[in-house]
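A short worksheet on the structure shown next.
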Amino acid sequence: MMPESLMVIRSFSTLRKHWEWMTFSADSVSSVHTLTDDLPLGSLADQPGAGNVHLLIPPEGLLYRSLTLPNAKYKLTAQTLQWLAEETLPDASQNWHWTVVDKQNESVEVIGIQSEKLSRYLERLHTAGLNVTRVLPDGCYLPWEVDSWTLVNQQTSWLIRSAAHAFNELDEHWLQHLANQFPPENMRCYGVAPHGVAAANPLIQHPEIPSLSLYSADIAFQRYDMLHGVFRKQKTVGKSGKWLTRLAVSCLVLAILSFVGSRGIALWQTLKIEDQLQQQQQETWQRYFPQIKHTHNFRFYFKQQLAQQYPEAVPLLYHLQTLLLEHSELQLMEANYSQRQKSLTLKMSAKSEANIDRFCELTQSWLPMEKTEKDPVSGVWTVRNSGK
């Protein structure tokens, strides 16, 4: 059922430099608008639906992970989900907020966003006088069928839905690489498909339209909503309530101490031993995985790390795209990724060997790469993941 009024806002991305918005009401749907310097975000506070905003986060700021539970009855809490998902990250120092979008027996699909980044989004819209009621990954509203891709031309980039819960935004060059490596059975395209981008079956062609015009106010998209847990609004606790809570806790602590009595020394010794074991586990972890920072639950992480999964193809392409945009002295000639062999091979040209060495250094945090050979005729370097 369509709400009385709703506003949908798309945040800008690296490849698409502007915000977009549209509104829905019981009897009308607006066209897609673009925010400009003359029409800032705060100007939307007087528009219909400002009190009921669905915010779309660009895919570049999100992580998609497939997790395997120890067993089908494993209790999936916010903490255990954090442990499972963190194991797939090269750097666990950031605090991530995870959303379960699908669960089938022991298999779980999740989407993650850095908590600090989500907080900044919410604070920015709150300051502009907008009330966010849903936070969704951009692209979740695109139509999709099994074994198919949906592409929407955005002039400077393409918004892509390549799986049930996989969304991305790539430029034409990287879209061609992805399509060549993983050609889909079917492809639905809004706008003219780039040269070399094709599916096994004929394209389902549609006229070029703004991607936001495919959003439907009648669909809740609840499974993708990232506005949960600590990001849900909570009731304010009054000062008197806090005082009573502290008093009750103090009384409970005193009662426990009185009951324990002489056992306090034994408890202190036990805690001291636990601290020593924790320190030993941390030293062991640093010896085997010095590049990954963890401060707790080492037994869980150690076991999971031994069965570490490689990143999926789309996040790999995004990392490479970002890196090459920042280093114009490097040029990618060819990319080959094997999910079965868990290997990535790149053919690259550079102004000097030092540029290739620098590229390998910069990839260490997400997929260690190393140079293997140089073609004496073309001068093209071969770079492969080292498997470290």
Quiz item: How many nm separate the modelled label positions at Leu277 and His33, each set 7 Å beyond the Cα in the direction of the Cβ?
Solution: 6.1 nm
Quiz item: Based on the Cβ-Cβ distance from Ser5 to Gln364, what FRET efficiency comes out when R0 is 41 Å, to the nearest 0.05?
Solution: 0.25
Exercise. Could you tell me the distance between the Cα centroids of the stretch 149-164 and the stretch 56-86, to the nearest Å?
Key: 24 Å
Quiz item: How high is the FRET efficiency from Ser43 to Val230, r the C-beta distance, R0 30 Å, rounded to 0.05?
Solution: 0.50
Quiz item: For q = 0.19, 0.21 Å⁻¹, what log10 I(q)/I(0) does the stretch 1-134 give under the Debye formula with an equal point scatterer on each alpha carbon and no solvent?
Solution: -1.06, -1.16
Quiz item: Check Gln114: other-chain or 5+ apart residues with amide H under 5 Å from its amide H, H built from backbone geometry?
Solution: His97
Quiz item: Between Val100 and Thr14, what length in nm is gained on full extension when 0.36 nm per residue of separation is reduced by their alpha carbon distance?
Solution: 28.4 nm
Self-check item: Per-residue ³J(HN,Hα) for the stretch 59-72, Karplus 6.51 cos²θ - 1.76 cosθ + 1.60, θ = phi - 60°, Hz, x for Gly and Pro
Solution: x, 4, x, 10, 10, 10, 9, 9, 10, 10, 7, x, 7, 5
Practice problem: Find the Rg to Rh ratio for the stretch 120-169, where Rh is the Kirkwood radius over alpha-carbon pairs and Rg uses the same atoms. | Solution: 1.11
Practice problem: Would you mind calculating the gained length between Gln79 and Glu326 on full extension (0.36 nm times residue separation, minus the Cα-Cα distance), in nm to one decimal? | Solution: 85.3 nm
Quiz prompt | Residue-wise HN-Hα coupling along the stretch 94-107, computed from phi with Karplus coefficients 6.51, -1.76, 1.60 (Hz; x: Gly, Pro) | solution = 7, 8, 9, 10, 10, 10, 7, 9, 6, 9, 10, 6, 8, 9
Quiz item: Measuring from the lowest to the highest alpha carbon on each principal axis, how far does the stretch 148-210 reach, largest first, in angstroms?
Solution: 25, 25, 20
Quiz prompt | 10 Å-binned pair-distance histogram of the stretch 76-153 (Cα, whole percent) | solution = 13, 36, 35, 15, 0
Quiz item: Met333's amide H: which non-local residues (gap 5+, or another chain) put their own amide H closer than 5 Å, with H modeled 1.01 Å from N in plane and none for Pro or chain starts?
Solution: Lys347, Met348, Ser349
Quiz item: Using θ = phi - 60° and the Karplus form 6.51 cos²θ - 1.76 cosθ + 1.60, what ³J(HN,Hα) does each residue of the stretch 317-334 get, whole Hz, x for Gly and Pro?
Solution: 5, 5, 4, 5, 4, 4, 5, 6, 5, 7, 10, 5, 6, 9, 9, 7, 9, 7
Quiz item: If you take the Cα atoms of the stretch 1-76, find Rg, then find the Kirkwood Rh from the mean of 1/r over all pairs, what is Rg/Rh?
Solution: 1.17
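Every read-out reported here was derived from the displayed coordinates using simple, explicitly stated rules and does not represent laboratory data. Since the model is a prediction, treat every value here as computed from it, not as a measurement. Cβ coordinates were reconstructed from backbone atoms using ideal geometry, including for glycine residues, and neighbour counts include every protein chain displayed.
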